[in-house]
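Visitor: Mind having a look at this structure? Questions to follow.
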Amino acid sequence: MMNEQVIVGCGYVGTRLARQYRDQGEAVTGIVRSDAGVARLEQQGIKGLRCELAADDLSDLGLAEALVFHFRPAAGERRSGSAYPTSRGCLRALR
């Protein structure tokens, strides 16, 4: 994903940002939790990737070479220690 913008948690706010990058001709990928989310992004011309950040290994994505935006976890997600599980998964992938 070199020279690409990656939006982790590409819901309402993330999709708006993704559309701005898309409209500027930039490569952008939205990471979402569901197949429906991937379909929603792809209908708008945005590459979608389904991942469960708390469980999936994202180290193969090459996020260290991408501009990554990580939006606040979904309402109701429980915090574990000092971080949300999805945030911890994203941070592991950036190492």
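The values are calculated or read from the model by the stated rules, or taken from the named source; none is laboratory data. Since we're looking at a predicted model, the values are computed, not measured. So basically every Cβ, Gly included, is an ideal-geometry build from the backbone, and we count neighbours across all protein chains shown.
Visitor: Taking the stated definitions as given, is Val28 at pLDDT 90 or above and in contact with a strand residue (DSSP E or B) (Cβ under 7 Å, 6 or more places away or on another chain)? Break it down stepwise before answering.
Guide: Numbers: at pLDDT 90 or above: yes; in contact with a strand residue (DSSP E or B) (Cβ under 7 Å, 6 or more places away or on another chain): yes.
Here the answer is yes, as Val28 does meet what is asked.
Visitor: Specify the residue that is nearest to the chain's Cα centre (by Cα); the eligible residues are those in the stretch 10-36 that are buried (at least 20 other Cβ atoms within 10 Å of the Cβ) and within 10 Å of Arg50 (Cα to Cα).
Guide: Taking the candidates together, the pick is Ile31.
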